[in-house]
1. Restricting the search to the stretch 101-125, which residues are without any contact (Cβ under 8 Å) to a residue 40 or more places away in the chain and surrounded by fewer than 10 Cβ atoms within 10 Å (Cβ to Cβ)?
2. Applying the selection to the stretch 25-41, what residues are part of a helix (DSSP H, G or I) and either of a type in the set (Phe, Trp, Tyr) or surrounded by fewer than 17 Cβ atoms within 10 Å (Cβ to Cβ) (or both)?
3. Has the stretch 159-178 got at least one residue that is open to solvent by 20 Å² or more (accessible area, probe 1.4 Å) and of a type in the set (Ser, Thr, Tyr)?
4. Identify, please: which residue in the stretch 5-17 is open to solvent by less than 40 Å² (accessible area, probe 1.4 Å) and either in contact with a helix residue (DSSP H, G or I) (Cβ under 6 Å, 6 or more places away or on another chain) or part of a loop (DSSP other than H, G, I, E, B) (or both) and is, among those, farthest from VAL269 (Cα to Cα)?
5. Since PHE183 meets every condition but one in (1) crowded, with 19+ Cβ neighbours inside 10 Å; (2) in contact (Cβ under 8 Å) with a residue 40 or more places away in the chain, which condition does it not meet?
6. Considering only the stretch 266-286, how many residues are hydrophobic (A, V, I, L, M, F, W, C), buried (at least 19 other Cβ atoms within 10 Å of the Cβ) and part of a helix (DSSP H, G or I)?
7. Between TYR97, TYR84, which is open to solvent by 50 Å² or more (accessible area, probe 1.4 Å), aromatic (Phe, Trp, Tyr) and farther than 21 Å from LEU260 by Cα?
8. Need pairs with beta-carbon distance below 7 Å; first residue among the polar types (S, T, N, Q) and within the stretch 81-100, second outside any loop (DSSP other than H, G, I, E, B); sequence gap 6+ or separate chains.
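The values are calculated or read from the model by the stated rules, or taken from the named source; none is laboratory data. Computed from a predicted structure; not experimentally measured. Heads up, the Cβs are rebuilt from the backbone with ideal geometry, glycines too, and the neighbour counts pull from every protein chain shown. These accessible areas exclude ligands, DNA and RNA; they are computed on the full protein's heavy atoms, side chains included. Shrake-Rupley method; radii C 1.70, N 1.55, O 1.52, S 1.80 Å.
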Amino acid sequence: MRGYEDTTAFLGEWGHFQQTVFFLLCASTIPNGFSAFSVIFLGDSPPHHCFIPDSGNLSQAWRNAIIPIEVVNGQQEESKCSRYRLDVVRNLSALGYIPGLDVNLTGVEQERCVDGWSYSKDIYQSTIVTEFDLVCNDKWKQPFTSSVYFLGVLCGSFFSGQLSDRFGRKPVLFVTMAVQTLFTFVQVFSQSWEMFSVLFFIVGLGQISNYVAAFVLGTEMLTGTVRVLYVTLGVCLFFAFGYMMLPLMAFFIRDWRSLLLIMSVPGLVYIPLWWFIPESPRWLLSQGRVQEAEAILRDAARRNRVTAPEVIFEESEGEEKPKPEERHSPLDLLRTSNIRNITIILSLVWFTLSMGYFAISLNTSRLHGDPYVNCFISAAIEVPAYIISWLLLRYLPRRMSASSSMLLGGGALYFIQLVPPSLPSLSIALEMLGKFGMATGTALMYAYTGELYPTVIRNTALGSCAMISRVGSIIAPYIMTLSTCYKYLPYILLGSFLVLSAMAIPFLPESFGHPLPETIQQMHKREWLKCPCISEEDKRTPEQPNGTTKILLEIGL
């Protein structure tokens, strides 16, 4: 029996049908870009201090002095969570005393912000922080809001693959897009932080589910070099385009409810795509629905202006035949010393990349300068990162490429602490360079991880690594809060993890130019700790296809 790609070779690789599928599926990932980072503007905390009620017996001098001055990171700023007791200040003002001259302010009793807070509107009209007062004692809710979203992403990662395997790629893609759109819209009507967070969890669940469905649908319908381009550049670049749209929308819409409303609109645009994106013929064949798969391919042939054979699939090609395979579990990733070492190293790398990538991305609104410009630069830096990662995957060894990109990212973050305060733009440039290294490394590790493990446990390995990376993203919102202890502590911590991961990667086997291992025994035969450069005769031959190409249908996010 011929393979699926041999059977459908009459369609070609880049006809009108493939072009439509390629660009529509890539476009479906655009909302994921601005949804994943929307909390940058939805949950930003503008400058604030205790609210001072209007009072006729409070002089302007005392109104200006009622907020205590604190030293934070060597700089003086107004207290965000306390004020001098209002009744005491009113009495002192009524007696005509002048603060700082007649009264030593250090001796005046302080109180919490019992009347609420006053928020600056220089940048935002409102955010969930100003709406629900997520400051001072409730400040912990700011990073936790992001973690709730990524917790939804983690849960979606568990269920999306199973749902698409059972109900089909196309229904899951559109249902989860509807979930993401609908619950983003419902968030507009949130009456409490708890309600917003629950809805945000569901948005995260829908976001990753439709991203995975689009990824799998594209890899199953596209073939050859087009499939490689789709996985390594297509979905990644369009995700970055969506990310770049976020600061543009937020710049013109400064109210968090209105921003959510605008973010939910693109989901409606994707409804007509139901009639243009077909179900995966591969999946239909796996379910024994041969006639439906043939109908899709005949329509594709008509669009590509080629002639389809009278019989595309034999009936036996749509029937599932049981295979006497040995069952494998996640425990196989730790069973032998070789696989255990690979798993431990990759777990460290995936955790580090995800934690660092999201920590830096979510921090853009807190950098010096315009938060919208900073966010746009942070998004735009991913475009060259993905292009370079694609080139590295085609031409250079994996260990050298991955280790160098992470070393670049870690080194850039380390150097931030050496930048004088008078050069904030240089600090931002180094932070963006660090993100560039991490984005490049992330794109490389998807392919590298799939090439290291044998076919029998490849999906299990990729799923486990993805789970570890989600844990890193859940922790990420808290990393930058460590700056309250020491300004540069987050960068030192992330830089240390990146450098450690870069030093660990050379201990992995090299996979560039080698065939994919099919069994665990073949994996054990891989060479370790050799020079990452390979000779011409080691490069792939027609009998040993590029592992990057071969794993695409086996990758599960």
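1. Within the stretch 101-125, LEU101, ASN104, THR106, GLY107, GLU109 qualify.
2. If we filter the stretch 25-41 for residues that are part of a helix (DSSP H, G or I), which is where we start, we get 25-27, 30-36, 39-41.
Those that are part of a helix (DSSP H, G or I) and either of a type in the set (Phe, Trp, Tyr) or surrounded by fewer than 17 Cβ atoms within 10 Å (Cβ to Cβ) (or both): PHE34, PHE41.
3. No, the conditions are met nowhere in the stretch 159-178.
4. Ranking the candidates gives THR8 first.
5. So the condition that PHE183 fails would be (2).
6. 3
7. Exactly one of TYR97, TYR84 is open to solvent by 50 Å² or more (accessible area, probe 1.4 Å), aromatic (Phe, Trp, Tyr) and farther than 21 Å from LEU260 by Cα, namely TYR97.
8. Close Cβ pairs (under 7 Å, with a partner that is outside any loop (DSSP other than H, G, I, E, B)) amount to SER82/CYS50; SER82/GLN110; SER82/GLU111; SER82/ARG112; SER93/TRP62.
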